[in-house]
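The values are calculated or read from the model by the stated rules, or taken from the named source; none is laboratory data. Just so you know, these numbers come straight off a predicted model, no measurement behind them. Methodologically, a virtual Cβ is constructed for each residue, glycine included, from the backbone with ideal geometry; neighbour enumeration extends over all protein chains shown. Heavy atoms of the whole protein, side chains included, go into the accessibility calculation; ligands, DNA and RNA do not. Shrake-Rupley method; radii C 1.70, N 1.55, O 1.52, S 1.80 Å.
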Amino acid sequence: MNPGTKEIIQARFEALQEEAFRRRDAFQRAATPKIHIGMATCGIAAGALETKAAFEQTLKERNIKAQVHTVGCLGHCYAEPVVIIDHPDSGFPPIFYHEVTAGKARMLAKMFIEEGDPRFEHVYGATEVNDMIPSVMEFSRFSLEKRVIMDKCGRIDPDDIYEYIALGGYEALVRAFQMSPGEIVEEIKRSGLRGRGGAGFPTGVKWEMASNVRHEEKMVICNADEGDPGAYMDRTLLESNPHQILEGMMICALAVGAGQAMFYVRAEYPLAVKTIARAIRQAGELNLLGKGILGSAFDLEVDIFEGSGAFVCGEETALIRSVEGYRGMPRHRPPYPVSRGLYGRPTVINNVKTLALVPPIVTKGHAWFRGIGTAGSPGTAVFSVVGNVLHAGLVEIPMGVTLRTLIFDICGGIPNQKGFKAVQIGGPSGGCLPESFLDTPIDFDSLIQAGAMMGSGGLVVMDEDTCVVNVSRYFLDFTQKESCGKCTFCRIGTRHLLTILDRLTCGKGREGDLALLSVLAADIKAGSLCGLGKTAPNPVLTSLKYFRDEYEAHLKEGRCPGMMCRPLTAFYIDLDACARGCDACAIVCPTDAVFTTSTRKKGIDQSLCVKCAECMVACPPQYNAVRKVSPPGLAPVIPRPEAPPPPDAPEGVDPSGGAEK
C-alpha cells in the first residue's frame with residue numbers, strides 16, 4: 001500500500017474519531033443524571049425491559065431530567081438486572097445497583113435521582129474509587145478478572161458504532177492497513193493466540209495456511225454456533241460488543257486476502273442476530289465495510305447465516321455443509337477448510353472470542369499479549385460459570401488461574417454452606433473433575449492432562465448433593481441426541497452408553513455394566529470422525545474414574561448418594577417433627593399422595609408420590625419435617641387410614657342411590 005493511500009485511510013478514520021469524541025463529550029458533559037441499564041439477553045430474562053420502562057415512566061411522570069443509556073452485559077448474571085446510576089450533582093460517584101426490579105427502579109428514580117438519596121441498603125458498590133462508598137473493585141468478583149475480550153462489554157451501547165470508536169474501536173484496523181498481510185499474520189503468530197472455540201489450534205498458523213493458498217475468492221467465517229448446555233459467552237459478546245468481533249474479522253480478511261465474510265449464528269440467538277446485523281449496517285454506512293474501505297483498495301462484504309441449532313455444526317466442516325444447504329455432517333480432513341472450504345474456496349473459520357482478541361493484539365502488540373497467561377496458553381479466556389456457585393455469570397481470567405481461584409475466590413464458592421463435589425469443564429465434551437483437581441491451572445494443556453478440556457468455556461459447578469452418574473447421563477443424552485449419525489460408533493455407541501446409564505440411574509444396573517461403559521467409551525472415541533464423537537464419552541470416563549464409588553452404589557445397592565435419581569429416592573414425613581393441623585405439604589402435592597394420619601399429622605402414600613419435592617419446599621422451616629432417603633426402602637411405611645364408611649342411609653333408600661324400595 002502506497003503512502004498516499006495510508007494517509008487517506010488515516011484522515012478518514014480521524015474524521016470518524018472526531019465525530020465519535022464529539023458525541024461522547026456531549027453525552028458526558030450533560031448535567032443530567034445518566035442511568036446505564038444492561039440489556040443483553042441475561043438482563044432481559046431477569047426483567048431489564050420492565051426496569052427500563054419503570055425508569056422511563058417515573059422520569060416522565062415526575063418530570064425528572066435524566067438520560068437512560070442501554071448497554072450490554074457486564075457479566076454479572078447473578079446480579080441482573082444491573083443498573084449503574086451516574087448522578088454528579090448528588091455528590092456521589094457512579095453507583096452499581098443489582099437486582100433492580102421495576103419497583104426498585106421507581107424508588108431510585110424518585111429518591112436518588114430526584115432527591116439525592118442513593119438508598120445505601122440497595123447499593124452494591126461504586127464503579128470508581130472514592131472516600132464515601134466501597135468500590136466494586138474491592139470485591140474479588142471484579143478485581144480478580146482481567147478483561148481484554150470483555151473490556152467494553154457493559155460500557156457501551158452495542159447499537160451505537162460511535163461509542164465503540166470513541167473507546168479506541170477500529171484503531172486496530174487502521175493500524176493493520178499500515179502493515180502488509182504477512183506482517184499481520186506474523187504478529188498473530190508471535191502472540192501465540194490459540195483458538196478459543198475449543199481445539200486451541202494456533203490462530204496465526206491457520207491464517208498463514210490460508211494466506212499461502214492461491215485463490216481469487218477466499219472466505220472468513222465467524223463461528224458463533226454456540227451449543228454447549230450452560231454456555232453463553234459468544235452470545236453475550238455478540239449482543240454487547242459486536243464491533244470488536246467485526247473488526248477482528250476484517251483484520252483476518254485483510255491478512256489472508258478474503259473479500260467475503262460471514263457470521264454463522266444459531267437462530268436461537270435472535271438478539272445477537274439483530275445486534276450484529278445492525279453493526280454490519282452501521283459499519284457499511286461509515287465506509288468501514290463494503291467497497292474501498294476508508295479509501296483503500298480493500299473490499300469486504302459481510303453476511304449473516306442463521307443456523308438451525310445443531311450442536312455438531314460447531315465443527316467447521318459440518319458448519320460448511322450446513323451453509324451449502326446440506327445436512328450438517330462432518331467430512332474427512334484433509335483437505336482442511338483453509339485450503340478447500342465453503343463452495344471450494346479457502347475458508348478461515350474462527351470462534352467469536354478468537355476474533356475478539358485480534359484487535360487488542362494488533363493495537364498493543366504480541367509482547368503485551370504474551371505477558372498475560374502462560375507460555376503455552378497466552379492471553380485470557382472467558383468462562384460462563386453456572387451451577388451451584390454463588391456469583392454465576394461470565395468471567396474473563398488470565399490463562400493459568402486455578403479452578404479453585406475461579407470457583408471460590410472469584411465466583412464466591414458454593415451457596416448454602418454446601419460442600420464442593422465436582423466441576424464439569426468444557427461442556428458436554430469435557431471432563432468431570434473432583435476436588436483434588438481444584439489447584440489445576442486453567443489452560444489448554446493442563447486441562448487435557450487432567451482428563452478434561454478447555455472447550456468453548458462452559459463450566460458447571462456441582463455441590464455435594466449432585467449425583468455425578470445422573471450428570472453424566474444428562475450430558476451423554478445431549479450429545480447422543482445431537483449426533484449427526486454419520487459414524488456408527490457415535491450413532492449407536494452413544495445410544496448403548498446412554499442405555500447403561502439409564503439402567504444405573506433407575507437401579508436396574510447389571511453385573512459388568514461398569515466394565516462395559518469403559519470399553520464402549522474407548523471404542524466410541526477411537527471410531528468417531530469428529531470432535532463430538534471423540535469427546536462424547538469424556539464425562540462418563542472421568543466421572544467413572546474419579547467417582548467410581550457412586551457408580552457402584554447405584555449398581556450394587558440401588559442407592560443414589562446425591563439423592564438425585566428419582567427411582568432411587570423416596571420422601572417421607574417425620575412424625576416427630578410434623579405439626580398437627582399443618583396442611584402446607586398436602587396443599588401443594590399434585591397427586592394427593594400426602595394424607596392426614598389418625599393423629600392429624602401427615603404421611604406420604606409411596607404408590608402415589610411422583611417425587612417432585614414440592615412437599616419438602618412447602619414444609620415450614622420451623623418444622624422441617626419432610627425427609628428424603630435413598631434407597632427408597634429406607635422410607636418408613638405410614639399406613640393410610642381407610643376411608644370412613646358412608647353414613648347410614650334413611651330407611652327405604654338404597655345407599656347406592658337406587659330407587660326407593
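Values computed for the structure shown
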| read-out | value |
| --- | --- |
| For the stretch 257-389, average projected area of the Cα convex hull in nm² | 11.4 nm² |
| Rounded to 10°, Cα long-axis angle of helix 48-61 versus longest principal axis of the chain | 80 degrees |
| J(HN,Hα) series, the stretch 384-395, from Karplus relation 6.51 cos²θ - 1.76 cosθ + 1.60, nearest Hz, glycine and proline x | 9, 9, 9, x, 7, 9, 5, 10, 5, x, 8, 10 |
| Fully extended contour minus Cα-Cα distance, from ASP303 to VAL637, at 0.36 nm per residue | 113.7 nm |
| Three-way shape label, the stretch 14-122, alpha-carbon gyration tensor, a/c 1.5 | oblate |
| Antiparallel DSSP beta bridges within the stretch 6-146, percent to nearest 5 | 60 percent |
| HN-Hα J in Hz across the stretch 439-453 - Karplus 6.51, -1.76, 1.60, θ = phi - 60°, x for Gly and Pro | 8, 6, x, 8, 8, 4, 6, 5, 5, 5, 4, 7, x, 10, 7 |
| Fraction of accessible area attributable to carbon and sulfur, the stretch 118-193 (%, probe 1.4 Å) | 47 percent |
| Three-way shape call for the chain based on the alpha-carbon gyration tensor, with the a/c threshold at 1.5 | oblate |
| Amide H partners (placed H, <5 Å) of VAL338, local residues excluded | THR347 |
| Size of charge dipole - the stretch 43-109 - debye, nearest 20, with Cβ of Lys, Arg +1 and Asp, Glu -1, no other charges | 180 debye |
| For the stretch 446-555: relative contact order, % (alpha-carbon pairs under 8 angstrom, 6 or more apart) | 33 percent |
| The chain - mean residue ellipticity at 222 nm from DSSP helices (-39,500 (n - 2.57) per run, n ≥ 4, rounded to 500) | -10500 deg cm²/dmol |
| LYS152 accessible area, assembled protein chains, probe 1.4 Å, Å² | 30 Å² |
| Net charge over other residues, Cβ less than 15 angstrom from the Cβ of ARG333 (K, R count +1; D, E count -1) | +4 |
| Label-to-label distance, nm, for residues given as ASN416 and LYS364 (7 Å Cα→Cβ offset) | 4.0 nm |
| GLY259 long-range amide H proximity, modeled H, under 5 Å | LYS218 |
| Theoretical gain in end-to-end length, TYR336 to MET137 [0.36 nm per residue, Cα-Cα removed] | 67.1 nm |
| Size of electric dipole in the chain: Cβ of Lys, Arg +1 and of Asp, Glu -1, about Cα centre, debye, nearest 20 | 1400 debye |
| Mean separation of Cα contacts under 8 Å (6+ apart) over length of the stretch 232-326, as relative contact order % | 29 percent |
| With Cα atoms, 0 to 90° folded angle of helix 242-256 axis to the chain main axis | 50 degrees |
| Potential extension, GLU464-ILE8 segment - 0.36 nm per residue separation minus Cα distance | 157.9 nm |
| Three-way shape label, the stretch 76-128, alpha-carbon gyration tensor, a/c 1.5 | oblate |
| Part-to-part distance (alpha-carbon centres) for the stretch 57-84 and the stretch 93-171, which is given in Å | 10 Å |
| Fraction of beta bridges assigned by DSSP in the chain that are antiparallel (%, nearest 5) | 55 percent |
| Rounded tilt (10° steps) of 203-212 against the dominant C-alpha axis of the chain | 50 degrees |
| Peptides ranked, highest mean first, by Cβ atoms within 10 Å: ranges 505-511, 309-315, 623-629 | 309-315, 623-629, 505-511 |
| Sequence-separation-based contact order of the chain, relative, with Cα cut under 8 Å and 6+ spacing, percent | 10 percent |
| Rounded to whole Hz, the Karplus (6.51, -1.76, 1.60) HN-Hα couplings of the stretch 542-556, x for glycine and proline | 6, 5, 5, 6, 9, 10, 4, 4, 6, 4, 5, 4, 5, 6, 8 |
| Net charge, VAL205 excluded, C-beta distance under 10 Å - Lys, Arg +1, Asp, Glu -1 | +2 |
| For GLU80, residues with placed amide H under 5 Å, excluding near neighbours | GLU99 |
| Carbon and sulfur %, accessible surface of the stretch 510-562 computed with the full protein complex present, 1.4 Å | 52 percent |
| Relative packing of peptides 583-592, 463-472, 368-377 - highest average C-beta neighbours within 10 Å first | 463-472, 368-377, 583-592 |
| Per residue accessible area of the chain, 1.4 Å probe, in Å² | 42 Å² |
